[in-house]
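**Q** Have a look at this one before I ask anything.
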Amino acid sequence: MTHTTVFKAPISIALAGLLLAAGLTACKAPSDIQTQTPEINEATSKLAPIRKALSCLPSEAAMIAAHRGTDQRWADQAENSIGGLKALIAHGTLMAEIDVAGLKDDTLITFHDGVWDETSTAKGPISTSRKSDLETILLRSRAGELTADRPPLFSDMLKTAKGQMYMEVDFKSSADPRAVISAIRDADMADQVLLIAYTPDQAALFERLAPDMLRSNPLKATQTGHAVWLGYDVADGNTAKSLKSKDNYIIGRIGDPKRQPPLKSLRTAADILVTDQAERYEGIIGLTPRTREEFETCLSS
């Protein structure tokens, strides 16, 4: 089914310069609703620093993060693409998890796999390609069809997201962490990203390179003021509660409704919930009229 969303919620004056109201507005599936997109000037199209937004979240609310920068049901979109990211922004999603990889000439792109074959028109390892090769490569959609998207430069993904949504950055082995962090700083987005560390050594490296940036640390390397990945185990409230009491942000997973715990327990335990089906959810789930007001007041303080 072709994805044709043009939905975007109006910007809230109360949240202008703090957090885009698109993520706070209930979003129907793009096929169900179409509205005019308002004009947004640079002064108002800003996000609150990511730590501020997460700290202000009510206890039973969580921010949704779109895995691989798209929704798996958008058959005409490619993962880790500019088109997919723009569709998420139009839907009102406030965070995207993307994968950054490096080419032979140290060019940084967003791409998940170590080889081109399954999700693009190219063949072989991406680490043997150069920036000039990108001009001849097209990405394939979720349905396997050609799209108009080429493998995007990491800098272009950052530019697309800036002021619109937060980025959860997954480092592929081919990506030089120093170059990735430098690109984030060049884009002036240090307070808009979350760096994913899978091991204590990787967490320690990120701490040395970017002590100011928010990280997702492994459970055995937790650190005050940073996030911790718990996956489906986030619903084990004792672990999440203990970590939160030590000023950690909690990242969980939403997936198969038949396997996962009740949504209420997930959003109560977690601050961020990663999903392959971002279109099903508001940018922030679990807000009530009262807690929305409290959230906005906190952001304004």
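The values are calculated or read from the model by the stated rules, or taken from the named source; none is laboratory data. As the structure is a computational prediction, the values presented were derived from the model and not from experiment. Neighbour counts run over all protein chains shown; Cβ positions are idealised from the backbone, glycine included.
**Q** Please determine whether any residue of region 149-164 is among the aliphatic types (A, V, I, L, M) and assigned to a loop (DSSP other than H, G, I, E, B).
**A** Within region 149-164, none of the residues are among the aliphatic types (A, V, I, L, M) and assigned to a loop (DSSP other than H, G, I, E, B).
**Q** Residue pairs, Cβ under 8 Å, 6 or more apart or interchain, first in region 166-178 and under 21 Å from ILE284 (Cα atoms), second at pLDDT below 95. List them.
**A** Short answer, once both residue conditions are applied: TYR166/LEU47.
**Q** With the structure loaded, tell me whether LEU88 is in a helix (DSSP H, G or I) and either within 21 Å of SER173 (Cβ to Cβ) or free of Cβ contacts under 8 Å to residues at least 24 places away in the same chain (or both) or whether it fails that test.
**A** no
**Q** Hey, any hits in region 23-35 for a residue that's modelled with pLDDT of 85 or more and among the β-branched types (Val, Ile, Thr)?
**A** no
**Q** Working carefully through the options ALA190, ALA183, ALA227, ALA278, find the one that is among the aliphatic types (A, V, I, L, M) and out of contact with any Asp or Glu (no Cβ under 8 Å at 6 or more places or on another chain).
**A** Sole residue among the options that is among the aliphatic types (A, V, I, L, M) and out of contact with any Asp or Glu (no Cβ under 8 Å at 6 or more places or on another chain): ALA183.
**Q** If a residue must be in a helix (DSSP H, G or I) and touching a helix residue (DSSP H, G or I) at 6+ places or on another chain (Cβ under 8 Å), how many such residues does region 52-66 contain?
**A** The number of residues fulfilling the criteria is 4.
**Q** Considering only region 192-207, how many residues are among the hydroxyl-bearing types (Ser, Thr, Tyr) and either over 19 Å from the mean Cα position of the chain (by Cα) or surrounded by 19 or more Cβ atoms within 10 Å (Cβ to Cβ) (or both)?
**A** Residues meeting the conditions: 1.
**Q** Let me ask you something else. Is it true that ARG150 is without any contact (Cβ under 8 Å) to a residue 24 or more places away in the chain, of a type in the set (D, E, K, R) and either surrounded by fewer than 18 Cβ atoms within 10 Å (Cβ to Cβ) or out of contact with any strand residue (DSSP E or B) (no Cβ under 6 Å at 6 or more places or on another chain) (or both)?
**A** Yes, satisfied.
**Q** Of all residues in region 247-262 being surrounded by fewer than 17 Cβ atoms within 10 Å (Cβ to Cβ) and modelled with pLDDT under 85, which is farthest from THR224 (Cα to Cα)?
**A** LYS258
**Q** Which numbered condition trips up GLN223, out of (1) crowded, with 16+ Cβ neighbours inside 10 Å; (2) modelled with pLDDT of 95 or more?
**A** With (1) crowded, with 16+ Cβ neighbours inside 10 Å; (2) modelled with pLDDT of 95 or more applied to GLN223, the lone miss is (2).
**Q** Using the structure shown, decide if MET189 is surrounded by 22 or more Cβ atoms within 10 Å (Cβ to Cβ) and either part of a strand (DSSP E or B) or touching a strand residue (DSSP E or B) at 6+ places or on another chain (Cβ under 8 Å) (or both).
**A** So MET189 does not fit the description; no.
**Q** With the requirement that a residue be touching a helix residue (DSSP H, G or I) at 6+ places or on another chain (Cβ under 7 Å) and either among the aliphatic types (A, V, I, L, M) or assigned to a helix (DSSP H, G or I) (or both), what does region 91-115 give you?
**A** Listed by number, the residues that qualify are HIS91, LEU94, ALA96, ILE98, VAL100, ALA101, LEU103, LEU108, ILE109, VAL115.
**Q** Has region 226-243 got at least one residue that is closer than 22 Å to ASP106 by Cα and either of a type in the set (Asp, Glu) or buried (at least 19 other Cβ atoms within 10 Å of the Cβ) (or both)?
**A** No: zero hits.
**Q** While we're here: Would you check if there is a residue in region 252-266 being within 20 Å of THR70 (Cβ to Cβ), touching a Lys or Arg at 6+ places or on another chain (Cβ under 7 Å) and not small (Gly, Ala, Ser)?
**A** no
**Q** Right, here's the next one. Residues of region 263-275 being buried (at least 19 other Cβ atoms within 10 Å of the Cβ) and in contact with a Gly (Cβ under 8 Å, 6 or more places away or on another chain), which ones?
**A** Hits for region 263-275 are LEU266, ARG267, THR268, ALA269, ALA270, ILE272, LEU273, VAL274, THR275.
**Q** Checking ALA210 against (1) farther than 18 Å from HIS67 by Cα; (2) of a type outside the set (Phe, Trp, Tyr); (3) within 13 Å of the chain's Cα centre (by Cα): exactly one of these is not met. Which one?
**A** Looking at each condition in turn, ALA210 falls short on (3).
**Q** As an exercise: evaluate ASP201 against (1) in contact (Cβ under 8 Å) with a residue 60 or more places away in the chain; (2) closer than 22 Å to ALA227 by Cα; (3) charged (D, E, K, R) and give the number of the one condition it does not meet.
**A** (1)
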